[in-house]
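Each reported figure results from applying straightforward, stated rules to the coordinates on display, with no laboratory input. Just so you know, these numbers come straight off a predicted model, no measurement behind them. Glycine also receives a Cβ, built like all others from the backbone with ideal geometry; neighbour counts cover every protein chain displayed.
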Amino acid sequence: MSFSLYDLSVPSFLQTLDSTLTVLDKGVAYANDNGIELSELQNITMHEDMLPLTFQIISVSHHSLGAINGIRAGEFAPPPKMPGIDYAGLQQLLVDAKQQLEAVSADEINALTGNSLIFKLGQHEIPFTTENFIQSFSLPNFYFHATTAYDLLRMKGVPLGKKDFLGQMRTSQ
């Protein structure tokens, strides 16, 4: 059985986008039940030098749909700043990413295998092939930010468990 660039990326992105939406929904329910402003949740961090939940969610979108757009364009850069985005806007960002990824065809993504991609960070440029970019940069960042978002809300008291993070697994049945 061969394993394609599409198989490596899009189904995993969709699974975790969906589970991250569930995590955010549970954050809303928790905030409503406990009289917490959603803006308080979206600004939480674990440490003073850490970026808040808002950045984590923007990064989940950026390292999924943004990664696919990057391999299409041959170029990827850090996520854009999104000042003023509220909690509902973060949820919508993930919904939009999920919907756009659901429309991506395996043939389109697989045709990009072996192409070049440049990650631009200021004056620095890091060259990748599309599959190395997905495997060694995008997926690790994607899971890091999804995990961090989960951890931030869990730390705040949102009742989350591993099943919430895993989401709907792709089993053989």
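Points to keep in mind about this one:
Yes/no per residue for (1) in contact (Cβ under 8 Å) with a residue 60 or more places away in the chain; (2) surrounded by 15 or more Cβ atoms within 10 Å (Cβ to Cβ):
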{"position": "Phe128", "(1), (2)": "no, yes"}
{"position": "Gln135", "(1), (2)": "yes, yes"}
{"position": "Pro140", "(1), (2)": "no, no"}
{"position": "Thr147", "(1), (2)": "no, yes"}
{"position": "Leu160", "(1), (2)": "yes, yes"}
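- Within the range 34-49, residues that are touching a residue at least 60 places away in the same chain (Cβ under 8 Å) have Cβ atoms under 9 Å from residues that are assigned to a loop (DSSP other than H, G, I, E, B) and not small (Gly, Ala, Ser) in these pairs: Leu41/Val158; Ile44/Pro52; Thr45/Leu51; Thr45/Pro52, counting only partners at least 6 apart in sequence or on another chain.
- Residue within the range 103-118 that is closer than 27 Å to Thr54 by Cβ and in a helix (DSSP H, G or I) present: no
- Hits in the range 28-82 - residues which are of a type in the set (A, V, I, L, M), closer than 21 Å to Gln99 by Cα and within 18 Å of the chain's Cα centre (by Cα): Ile57, Ile58, Val60, Leu65, Ala67, Ile68, Ile71, Met82
- Residue within the range 97-115 that is in contact with a strand residue (DSSP E or B) (Cβ under 7 Å, 6 or more places away or on another chain) and either of a type in the set (Lys, Arg) or surrounded by fewer than 13 Cβ atoms within 10 Å (Cβ to Cβ) (or both) present: yes
- Matching residues in the range 150-173 - criterion: being over 20 Å from the mean Cα position of the chain (by Cα) and more than 16 Å from Asp18 (Cβ to Cβ): Lys156, Gly157, Pro159, Ser172, Gln173
- Look at the range 82-96: where a residue is closer than 17 Å to Ala29 by Cα and a partner is assigned to a helix (DSSP H, G or I), sitting 6+ places away or on another chain with Cβ atoms under 6 Å, you get Tyr87/Leu38; Tyr87/Gln42; Leu90/Ile57; Gln91/Leu24.
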